[in-house]
Amino acid sequence: MAQLAALRLVTAIGLGVAVPAAIAIATSQCPPRLKETAAVIVTTAVAAGGILGGVLGAALTAQLGWQSIFIVGGALPLAFALVLLIWLPRSIEDNSPGPKHQGEGQRGGLKLIGNLLGPGLATRTVSLWIFSFLIFADAYALVFWLPSFLIKMGLSPQYSQLGVSFFSAGGLIADVVLMLLVRRLPVARILLLAAAIGAISAAGLATLDLAPFGAWVLIAGTGAGLISCSVGQAALAVSLYSDALRTHGVGFSSAAGRIGSIVGPAVAGLLVSSGIAPQTIILAAVIPAVLAIFALLPHLRTIARP
């Protein structure tokens, strides 16, 4: 168990570095009108890869044993890394008209943070971090605890497992809609609507006495709102920062979200262990979603990118 935990930690560190870099590289190769769309596609591909990995892992385990998952899971990224090393550009040039000192942020952590919190960016950077933290905390808390909540609310264990499936399916559908809308509407407005859908759906699930079908619809709506916001925060970061700061801006936003993904399930677990009713805990999950809506307000104003 200790070895697996250590390997999982190291793998997560690698993924934490790879995802913001992949978003920055993809957006640097796109026309400005497609940058947010590229960020959504790359971030959604991570979730799609998780689904594919689960299916492939089941097949490999059945045919070759569980060790084959680690062999294939290690060999494929190494092979693709060679392809990326050969074909991708080695650096991302900042062709934007922004101040030259922004590029210097890559030569020091404190200077980098200073640039992210510089004039014209500070309020929106902090609000983006808060938004990511709250949304990830909410989404992961519900994903982790939703089956237990549904069992305590009267559903059988068999049907309770469907809750996560509907939650994820709602998120996948919303991600596709997000891809279609992000070219036509400001991403902050889309995320505000998504967060509102997630909050309203969670409130309905907690307060209404529903038949299973109604519960599945509200669970899907909650997942649609929270998961699309989890994906969309990367697009919001892309729209906020210039090329010189984009990798780090996306990385810091993702880091804030990952902290939330740890805190959220832990807080929900404390509430469960305290004997609080699942409906009350789900209703409490509306609070972070509403606060996330307020965190988006600074991004609703049209401000030229520095």
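Just the projected area, averaged over all directions, of the convex hull on the alpha carbon atoms of region 6-53: how many nm²?
Answer in nm², one decimal: 3.5.
How much mean residue ellipticity at 222 nm does the chain get from its helices, if each DSSP H run of length 4 or more adds -39500 (n - 2.57) and you divide by all residues, to the nearest 500 deg cm²/dmol?
Result for the chain, helices only: -27000 deg cm²/dmol.
List the trypsin sites (Lys or Arg not before Pro) within region 164-241 that DSSP assigns to loop and that have no more than 14 neighbouring Cβ atoms inside 10 Å.
In loop regions of region 164-241 (DSSP not H, G, I, E or B), the sparsely surrounded trypsin sites (Lys or Arg not before Pro) are Arg183, Arg184.
Say we join alpha carbon atoms closer than 10 Å with springs in a Gaussian network model of the chain; which of Leu291, Leu146, Leu15 then has the biggest fluctuation?
The residue that fluctuates most here is Leu15.
Compute the FRET efficiency between Arg33 and Val126 as 1/(1 + (r/R0)^6), taking r as their Cβ-Cβ distance and R0 = 35 Å, and round to the nearest 0.05.
0.80
Step by step: find N for region 165-251, compute 2.2 N^0.38 Å, then divide the Cα radius of gyration by it. What's the final number?
1.22
Above 24 Å lies some portion of the pair distances; for the chain, what is it as a whole percent of all C-alpha pairs?
Percentage above 24 Å: 56.
What Kirkwood radius, in Å to one decimal, follows from the Cα pairs of region 155-306?
16.5
Work out, step by step, the length gained on full extension between Leu64 and Ser274: first 0.36 nm times the residue separation, then minus their alpha carbon distance; give nm to one decimal.
71.2 nm
Starting with the highest mean, order 234-245, 26-37 by the number of other Cβ atoms within 10 Å, averaged over the residues of each peptide.
Those peptides, ordered most packed to least, come out 234-245, 26-37.
Just the Kirkwood number for region 123-179, please: inverse of mean 1/r across all distinct Cα pairs, in Å, one decimal.
This gives a value of 13.0 Å.
For region 9-17, just list the computed ³J(HN,Hα) in residue order, Karplus coefficients 6.51, -1.76 and 1.60, θ = phi - 60°, integers in Hz, with x standing in for Gly and Pro.
4, 5, 4, 5, 4, x, 5, x, 7
Out of Pro212, Pro265, Pro288, any idea which swings most in a Gaussian network model of the chain, alpha carbons joined below 10 Å?
So, out of Pro212, Pro265, Pro288, the one fluctuating most is Pro212.
Assuming R0 = 45 Å, what is the FRET efficiency of Ile200 and Thr11, from their Cβ-Cβ distance, to the nearest 0.05?
0.80
Please work out the C-alpha center-to-center distance from region 9-30 to region 252-272 and express it in whole Å.
21
Rank Ala206, Ala255, Ala59 by mean-square fluctuation in a GNM of the chain with C-alpha springs under 10 angstrom and give only the top-ranked residue.
Ala59
Taking a label point 7 Å from the Cα of Leu185 along the Cα→Cβ vector, which residues of region 32-70 have an amide N closer than 17 Å to it?
So the set is 36-37, 40.
Pairing the Cα long axis of helix 187-207 with the longest principal axis of the chain, what angle in degrees results, from 0 to 90 and rounded to the nearest 10?
Once rounded, the angle reads 10 degrees.
Every number here is computed from the coordinates shown, using simple stated rules; none is lab data. Only a predicted model underlies this, so the values are computations on that prediction, with no experimental measurement involved. Here the Cβ is made from the backbone with ideal geometry for all residues, glycine too, and neighbour counts use every protein chain on show.
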